[in-house]
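Inspection log for the structure reproduced underneath, given as structure tokens.
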Amino acid sequence: MSWPADQAPGLTVAEGAAIGGEVRFGANVTVHAGTVIGDGCTIGDNAVLGKRPTLSSRSTARRQEPGPLTLGAGCAISAGAVLAAGSTLGPGCVVGDLATVRERCSIGEQVVIGRGVCVENDTTIGSFTKIQSNAYITAHCLLEEHVFIAPCVVTTNDNFMGRTEGRHALIKGAVIRRGARVGGGATLLPGIEIGEEAFVGAGAVVTRDVAPRALVVGSPARVLRQVPDEELLG
């Protein structure tokens, strides 16, 4: 059940937040200062919008104060989701239960972020992309339009896994080009580029760039064949 802002039980809205028309809230939602919620959005129970980042002393994330969280018209944010300050979601996005979107992410229109997905900081996601349950999108990734990420996919961005100060300049997430698809449980190593309309099979470990339209499988991933014409977006 959801309610308008003046009736939602346990709703906390900080000073300076802006709420559009026909927005519906579940119970116990928290809206932090500066958050902008577009017309017609639905916010589920216990969601947290506009949370400021909490960083360890050794975090590689940028430390400047982020801007506001902005939700485009018609977004649906499900129960327990946490969306950080400084990120923007385009119109019609859906964010599943218990999902997290960190600071300074740019998310296009009608993107689906599934249940339990974690999208880390400074990531860009193009319109109409779908990220299914429990996937991990690491910091500094780029996903273009119409990308499909199956459940439990893992992306990485640090070949040194936290060792050596020199790693800071080398941290880079995956680049996944328009229309590419990544199968369930696949792992992408730091800085990997998945080409336009490529297909990564379930469980693959991708250690090298994947060419456009290539279908790769295995560990390490190898080319099996090309994506057929009838499966292309066009």
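The values are calculated or read from the model by the stated rules, or taken from the named source; none is laboratory data. If you're wondering where the values come from, they're calculated on a predicted model, not measured in any experiment. In this analysis, Cβ positions are derived from the backbone assuming ideal geometry, glycine residues included, and neighbour counts consider all displayed protein chains.
Tell me whether segment 207-214 contains one or more residues that are farther than 17 Å from residue 142 by Cα, over 24 Å from the mean Cα position of the chain (by Cα) and at pLDDT 95 or above.
Within segment 207-214, one or more residues are farther than 17 Å from residue 142 by Cα, over 24 Å from the mean Cα position of the chain (by Cα) and at pLDDT 95 or above.
For the structure I just gave you, tell me whether residue 39 is in a loop (DSSP other than H, G, I, E, B), in contact (Cβ under 8 Å) with a residue 24 or more places away in the chain and farther than 21 Å from residue 118 by Cα. Steps first, please.
Numbers: in a loop (DSSP other than H, G, I, E, B): yes; in contact (Cβ under 8 Å) with a residue 24 or more places away in the chain: yes; farther than 21 Å from residue 118 by Cα: yes.
For residue 39, the condition - in a loop (DSSP other than H, G, I, E, B), in contact (Cβ under 8 Å) with a residue 24 or more places away in the chain and farther than 21 Å from residue 118 by Cα - is met.
Of all residues in segment 13-26, which are surrounded by fewer than 16 Cβ atoms within 10 Å (Cβ to Cβ), in a loop (DSSP other than H, G, I, E, B), at negative phi and modelled with pLDDT of 95 or more? If you could, list the steps in order and put the result at the bottom.
As a first pass, look at segment 13-26 and keep what is surrounded by fewer than 16 Cβ atoms within 10 Å (Cβ to Cβ): 14-16, 18, 20-22.
If we keep only those that are in a loop (DSSP other than H, G, I, E, B) as well, we get 14-16, 20-22.
Going one step further and asking which of them are at negative phi, we end up with 14-15, 20-21.
Correct list: 14, 20, 21.
Being in contact (Cβ under 8 Å) with a residue 40 or more places away in the chain and surrounded by fewer than 22 Cβ atoms within 10 Å (Cβ to Cβ) is the filter here; which residues of segment 174-183 pass it? Reasoning before the result, please.
Taking segment 174-183 as the starting set, the residues that turn out to be in contact (Cβ under 8 Å) with a residue 40 or more places away in the chain are 178-179.
The answer is 178, and nothing else.
Inspect all residues belonging to segment 58-68 and state whether any of them is among the hydroxyl-bearing types (Ser, Thr, Tyr), outside the structural domain of residue 165 (by TED's automatic domain parsing), more than 27 Å from residue 2 (Cβ to Cβ) and assigned to a loop (DSSP other than H, G, I, E, B). If you could, list the steps in order and put the result at the bottom.
Restricting attention to segment 58-68, the residues satisfying the condition of being among the hydroxyl-bearing types (Ser, Thr, Tyr) are 59-60.
So of that shortlist, the ones also outside the structural domain of residue 165 (by TED's automatic domain parsing) come out as 59-60.
Right, trim to more than 27 Å from residue 2 (Cβ to Cβ) and you get 59-60.
Restricting the remaining residues to those that are assigned to a loop (DSSP other than H, G, I, E, B) gives 59-60.
Checked against the condition, which is being among the hydroxyl-bearing types (Ser, Thr, Tyr), outside the structural domain of residue 165 (by TED's automatic domain parsing), more than 27 Å from residue 2 (Cβ to Cβ) and assigned to a loop (DSSP other than H, G, I, E, B), segment 58-68 yields at least one hit.
Go through (1) assigned to a strand (DSSP E or B); (2) more than 23 Å from residue 13 (Cβ to Cβ); (3) not charged (D, E, K, R) and name the single condition residue 160 misses.
So the condition that residue 160 fails would be (1).
Taking residue 181 as the residue in question, decide whether it is more than 18 Å from residue 133 (Cα to Cα), among the charged types (D, E, K, R) and at pLDDT 95 or above. Reasoning before the result, please.
Working: more than 18 Å from residue 133 (Cα to Cα): no; among the charged types (D, E, K, R): yes; at pLDDT 95 or above: yes.
Against the criterion (more than 18 Å from residue 133 (Cα to Cα), among the charged types (D, E, K, R) and at pLDDT 95 or above), residue 181 does not qualify.
Based on what the data block shows, is residue 103 under 26 Å from residue 65 (Cα atoms), within 11 Å of the chain's Cα centre (by Cα) and not in a strand (DSSP E or B)?
Numbers: under 26 Å from residue 65 (Cα atoms): yes; within 11 Å of the chain's Cα centre (by Cα): yes; not in a strand (DSSP E or B): yes.
Yes.
Looking at segment 93-110, which of its residues are surrounded by 19 or more Cβ atoms within 10 Å (Cβ to Cβ), more than 22 Å from residue 46 (Cβ to Cβ) and of a type outside the set (Lys, Arg)?
Of everything in segment 93-110, just one residue is surrounded by 19 or more Cβ atoms within 10 Å (Cβ to Cβ), more than 22 Å from residue 46 (Cβ to Cβ) and of a type outside the set (Lys, Arg), namely 108.
Against the definition (modelled with pLDDT of 95 or more, under 23 Å from residue 17 (Cα atoms) and not in a loop (DSSP other than H, G, I, E, B)), how does residue 49 come out, yes or no?
Details: modelled with pLDDT of 95 or more: yes; under 23 Å from residue 17 (Cα atoms): yes; not in a loop (DSSP other than H, G, I, E, B): yes.
Against the criterion (modelled with pLDDT of 95 or more, under 23 Å from residue 17 (Cα atoms) and not in a loop (DSSP other than H, G, I, E, B)), residue 49 qualifies.
Within 30 Å of residue 141 (Cα to Cα) and of a type in the set (D, E, K, R): is that true of residue 62 in this structure? Can you show your working first?
Values: within 30 Å of residue 141 (Cα to Cα): yes; of a type in the set (D, E, K, R): yes.
Yes: the conditions hold for residue 62.
Where residues in segment 113-161 are among the charged types (D, E, K, R) and modelled with pLDDT of 95 or more, which of them is surrounded by the most Cβ atoms within 10 Å (Cβ to Cβ)? Explain how you work it out, then say what you get.
Narrowing segment 113-161 to residues among the charged types (D, E, K, R): 115, 120, 122, 130, 144-145, 158.
Remaining after also requiring modelled with pLDDT of 95 or more: 115, 120, 122, 130, 144-145.
Details: 115: 17, 120: 22, 122: 20, 130: 17, 144: 20, 145: 16.
Applying the filter and picking the extreme gives 120.
So which residues in segment 64-92 are buried (at least 24 other Cβ atoms within 10 Å of the Cβ) and modelled with pLDDT under 95, if there are any at all?
none
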